[in-house]
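The values are calculated or read from the model by the stated rules, or taken from the named source; none is laboratory data. Predicted model only: the values in this text are computed from it and were never measured. Cβ placement follows ideal geometry from the backbone for every residue including glycine, while neighbour counts extend to all protein chains displayed. Just so you know, the surface numbers come from the protein's heavy atoms only, side chains and all, with ligands and any DNA or RNA stripped out. Shrake-Rupley method; radii C 1.70, N 1.55, O 1.52, S 1.80 Å.
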Amino acid sequence: MRIGVLTSGGDCPGLNAVIRSVVHRGTDVHGDEILGIEDGFLGLIEGRARPVSHDDVTGLLTLGGTILGSARVQRERINWAVDNCERLAADLGIDALIAIGGEGTLTAAKMFSDAGLPVVGVPKTIDNDIDATDMTFGFDTAVHVATEAIDRLKTTAESHQRVMVVELMGRHTGWITLTAGMAAGAHGILIPEKPFDIEAVSRMIEERFQRGKKFAIIAVAEGAKPAPGTLRFDHGEVDQFGHQTFGGIGNRLAGELESILGKEARPVILGHTQRGGTPTALDRVLATRFGWHAVEAVHKGAFGHFTALRGTDIELVPVAEAVTQLKTVPPDRWAESEAVL
Ligand code: F6P
């Protein structure tokens, strides 16, 4: 078979490990030809692709980013591509497509699949917010980066008796903030699912200093928001790809805490460092397993499905289940983090 593979949306550690695994399983075991489509769905639309051989994927297991490139594509162009998908696939000569990406990519994959293109999805995102899979690859790496950063901030915060506000990625969900915050022992964990009260946060820090502690670390997700009727803060508008832009909650929170508490408060925005670099061992293995199962799914004809981690097994699940809703942090998980503050 000739299988197209593309990576779409924001990059994520482990994308290259999936591509490597797809090539190994496809070429070595099934005698497939793997065609790497460049820059996600943009390459499909523009007919840009190249064969990817066993030699091309040497060394990819540990390499961050994606050798195929990635791009965001406007919804109108996706709609056009869906209407023309059979011709686009025929132009590239592919029998099936493996689409690796987050919620937007899997939504597009479902549209292509519904329109008749044989597609298998592979879920990726550092945000870990894809429903119907216990985890996405990239998340563990992001949590490690964020945890190490908070660990490092503690010593400098204590030396200067400061409050440090660490802003972490997570547009709509607080998985990275919750997990890294717990792992590093942050004193406040603020996530989009649980709007915060600035007065309660400052009271908690004040009490901590009164107990003789000399610093405080607040981990805040970029999409966290103040509870209605508390701090006034607007996140940005929606961009041309339909994604919410963010208004800098870390900066705003640090400024506000400094004026309420009369103590130095510094914002630290980790941003894309959470997405770059080599994947952790866990992400390398998960990405490799997803790639293996995606090729098997193609050969079983399980189109319109995606590879999902369920417990310790990889299962093929209808892609519709991944895109109906985001996987948010449930209240009991947040409550567990509150207990350790
Ligand atoms: O991949 C998801 C994510 O990391 C979000 O947490 C973040 O808001 C977004 O991507 C930023 O992506 P970009 O800067 O590439 O638009």
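Hey, could you check the stretch 105-132 for residues that are within 15 Å of the ligand (Cβ to nearest atom) and β-branched (Val, Ile, Thr) and say which is most open to solvent (accessible area, probe 1.4 Å)?
Thr107
Scan Ile100, Ile34, Ile3 and give me the residue that is crowded, with 20+ Cβ neighbours inside 10 Å and free of Cβ contacts under 8 Å to residues at least 40 places away in the same chain.
Values: Ile100 fails: free of Cβ contacts under 8 Å to residues at least 40 places away in the same chain; Ile3 fails: free of Cβ contacts under 8 Å to residues at least 40 places away in the same chain.
Every option except Ile34 fails the conditions.
Applying the selection to the stretch 138-185, what residues are open to solvent by less than 10 Å² (accessible area, probe 1.4 Å), without any contact (Cβ under 8 Å) to a residue 40 or more places away in the chain and more than 16 Å from the ligand (Cβ to nearest atom)?
Hit for the stretch 138-185 is Ala184, nothing else.
Residues that are at pLDDT 95 or above and under 27 Å from Thr312 (Cβ atoms): find the strands (runs of 3 or more DSSP E) completely inside the stretch 91-184 holding 2 or more of those. Steps first, answer last, please.
Numbers: elements: 96-101, 119-123, 163-168.
Per the criteria, 96-101, 119-123.
Could you please let me know if Phe233 is in contact with a Pro (Cβ under 8 Å, 6 or more places away or on another chain) and modelled with pLDDT under 95? Reasoning before the result, please.
Values: in contact with a Pro (Cβ under 8 Å, 6 or more places away or on another chain): yes; modelled with pLDDT under 95: yes.
Judged against the criteria, Phe233 is a match.
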